[in-house]
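I have placed the structure first, in the form of structure tokens, so that the comments after it can refer back to it.
The values are calculated or read from the model by the stated rules, or taken from the named source; none is laboratory data. Note that the coordinates shown come from a computational prediction; the quantities given were computed from them, not determined experimentally. We place every Cβ from the backbone using ideal geometry, glycine too, and count neighbours over all the protein chains shown.
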Amino acid sequence: MSQKERKRRSRDDDDGGSRREDRASKRSRTIQSTPSLDRNLDYLIPLFTCAKASTDLDSDSEDIYKYYKKEIPSAGEYRTKFRIWSQLVSTFTFNSKDPRTLVMIFGSSLNGLARKGSDLDISIYCPSFNNQLNLLSTLRKWLRVNWAEGSVRDVLLIPAKVPILKFTNVSHSGERTEVDISCNDPTGIRNSHLLFSYNKLDYRVKPLYFVIKAWAANYGINDAKDMTLSSFTLLLMLIHYLQIGVSPPVLPVVQDIGPSYYRDKLSVVDIFNLPYKTEPDVNFTSSNSMSLRKLLKKFFIYYTDCFDFTRDVGSIRTGKRLDSRQCQEWARHSRGIPRQWEAYVLMEEPFNRSNSARSTVNREKFDSILVALKEGHRLLVRENASLAKFLSSN
């Protein structure tokens, strides 16, 4: 080999090594730039367990406030949920050996709207698994091996379109927590942040939601699997009403005036690592001074007299009632599913713009929703019934 060739090869080797070092350095920077998974969320507990109320709470609203206060989970229940989450973080990151793994709570346990005994929802993102069912099946094995005997019970892996691993965690004291684990659900996490933001803006959101959810459960219309209304849809209905159904509005459109991460396109990693702040995300104070009781009455007036279920779409993204034909057209152009806008209840999911109530496709079930709304209207508006009668009249 000539001296010239040896120099050229040496140069190529140096360049190749440099490129490999650059790639390794880039990978290292990417991993290091990902925030720590072991975030302590205990600072949220005082906010979640505090029963906020107006200093001039009227007598008609006291029963709503008392019911709401009774249903708030204890600090211990939240600490248990956050401990389970921390254990899952440790279990998954240790066994997967993948530093890109992200494990996050979402749903009511992290938007501040959980009631006593509610489930704990967890989402896992792990790029080294390309199959969600395989990921959850593997996690099931790890739980059996790594967690204390008897702490994981009633394990059920549901191989649906969106697989879910369900189990019951039993603490040393015998406290039971139902846990639902899914994979790669950035939209669910993003919604948790948005709903948390609305919850922080006005003390009336949480007690109204608690009462409306209890009313829906009493009438058997709070179950998407039974083709009625999910808790998420009920919350969207409440927020939409508080944006547009009363004047002045109780709530603004957070996606218009809030932080940019409610509008921007974000990566899965960015969404899993969004910050949970105790202070409000927007500078807004409602000038609406209606009582809890009056707002509850007007919720039923809005959905029985103003909202047209044959065409109206409730949209908290825009703070408007949209026409279902607009949503169908958008779905066609965005490769969505236009038929979901033929359901009987139409509420727009604020980020992917799907119909959160797409399971309401059975006419008989929809009629039961209408009956419940009319009964609520009759009891609260026409008869001025007590909260106890309203929640037990079915």
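Which one of the conditions (1) more than 30 Å from Ile124 (Cα to Cα); (2) at pLDDT 90 or above does Lys97 fail to meet, given that it meets all the rest?
In the conditions (1) more than 30 Å from Ile124 (Cα to Cα); (2) at pLDDT 90 or above, Lys97 misses (1) alone.
Would you check if Ser356 is within 14 Å of Leu236 (Cβ to Cβ) and either out of contact with any Phe, Trp or Tyr (no Cβ under 8 Å at 6 or more places or on another chain) or assigned by the TED database to the domain that holds Tyr241 (or both)?
yes
Quick test of your reading of the structure: Thr93 fulfils all but one of (1) within 21 Å of the chain's Cα centre (by Cα); (2) more than 30 Å from Ser286 (Cα to Cα). Name the failing condition by number.
If we test Thr93 against (1) within 21 Å of the chain's Cα centre (by Cα); (2) more than 30 Å from Ser286 (Cα to Cα), just (1) comes out false.
Return the residues of the stretch 318-352 that are hydroxyl-bearing (Ser, Thr, Tyr) and within 15 Å of Thr233 (Cβ to Cβ); say none if nothing qualifies.
Of everything in the stretch 318-352, just one residue is hydroxyl-bearing (Ser, Thr, Tyr) and within 15 Å of Thr233 (Cβ to Cβ), namely Tyr344.
Could you check the stretch 212-234 and list, in sequence order, the residues that are surrounded by fewer than 23 Cβ atoms within 10 Å (Cβ to Cβ), assigned to a helix (DSSP H, G or I) and not aromatic (Phe, Trp, Tyr)?
Within the stretch 212-234, Ile212, Lys213, Ala214, Ala217, Asn218, Ala224, Lys225, Asp226, Ser231, Leu234 meet the criteria.
Evaluate the following for Lys265: is it in the same structural domain as Leu370 (by the TED database) and over 24 Å from Leu346 (Cα atoms)?
When the stated conditions are applied, Lys265 does not pass them.
Can you work out which of the residues in the stretch 297-348 that are closer than 25 Å to Ala372 by Cβ and of a type in the set (Phe, Trp, Tyr) is surrounded by the fewest Cβ atoms within 10 Å (Cβ to Cβ)?
Phe309
Go through (1) farther than 29 Å from Ser86 by Cα; (2) crowded, with 16+ Cβ neighbours inside 10 Å; (3) out of contact with any Pro (no Cβ under 7 Å at 6 or more places or on another chain); (4) not β-branched (Val, Ile, Thr) and name the single condition Leu242 misses.
Exception for Leu242: condition (3).
I'd like to check which helices (runs of 4 or more DSSP H) are fully inside the stretch 54-124 and have at least 1 residues that are of a type in the set (Asp, Glu) and out of contact with any Phe, Trp or Tyr (no Cβ under 7 Å at 6 or more places or on another chain).
Details: elements: 59-71, 75-96, 108-111.
Per the criteria, 59-71, 75-96.
Would you check which residues across the stretch 323-347 are in contact (Cβ under 8 Å) with a residue 40 or more places away in the chain and touching a Gly at 6+ places or on another chain (Cβ under 8 Å) and list them?
Met347
For residues that are touching a residue at least 60 places away in the same chain (Cβ under 8 Å) and acidic (Asp, Glu), scanning just the stretch 56-76, find the one that is nearest to Tyr209 (Cα to Cα).
Per the criteria, the residue is Glu71.
Return the residues of the stretch 163-185 that are outside any strand (DSSP E or B) and either without any contact (Cβ under 8 Å) to a residue 12 or more places away in the chain or under 10 Å from Val152 (Cα atoms) (or both); say none if nothing qualifies.
Initial filter on the stretch 163-185 (outside any strand (DSSP E or B)): 163, 171-175, 184-185.
Passing the criteria: Ser171, His172, Ser173, Gly174.
Inside the stretch 244-255, can you point out the residues that are more than 22 Å from Asp185 (Cα to Cα) and either in a loop (DSSP other than H, G, I, E, B) or within 19 Å of the chain's Cα centre (by Cα) (or both)? Break it down stepwise before answering.
Of the residues in the stretch 244-255, the ones more than 22 Å from Asp185 (Cα to Cα) are 244-253.
Within the stretch 244-255, Gly245, Val246, Ser247, Pro248, Pro249, Val250, Leu251, Pro252, Val253 qualify.
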